[in-house]
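What follows is a short report on a single structure.
The values are calculated or read from the model by the stated rules, or taken from the named source; none is laboratory data. Keep in mind that this is a model prediction, so the values were computed, not measured. For the accessible areas, the whole protein counts, side chains as well, though only heavy atoms, and no ligand, DNA or RNA atoms are used. Shrake-Rupley method; radii C 1.70, N 1.55, O 1.52, S 1.80 Å.
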Amino acid sequence: MSLTRISTYAILVLTVATVLFFVFSEESRLKARWMLNTVIGKETWLATIYPNKEDMGVFREVGHFKSLNECRDAAQKELSRISVAGVYECGLNCETLSKLPGVLFCQETRH
């Protein structure tokens, strides 16, 4: 892809994100931030462990990491440290919305 095409694409995404951010709902602003993060390459991964895979209502956040691999490693080490056969997930650029406190919305999640 040429530099001109990348620049045109980035300008288009920035324009759409700006409109979403200032004109629409909180959910649209969240999507706009995700779009901007994609363009600028910002990644923040949140590691969450679930000690009992049969009860996903019990979980603990391990921390924030710069890469998916760091997130996975930290989650696996924490599960190993507490000696349980639980599961984990890593969420990209997770945020909460004011009307749903305590609920995380992530751009994507991986295991």
Keeping all protein chains in the complex and leaving out DNA, RNA and ligands, what accessible area do you get for M35 with a 1.4 Å probe, in Å² to the nearest 10? 60
Compute the length gained on full extension between E108 and V39: take 0.36 nm times their separation in residues and subtract their Cα-Cα distance, giving the result in nm to one decimal. 23.3 nm
If you count only protein heavy atoms and use a 1.4 Å probe, how large is the accessible surface of L97, to the nearest 10 Å²? 10
Dimensionless Rg ratio for the stretch 47-111, taking C-alpha atoms and the 2.2 N^0.38 Å reference: 1.10
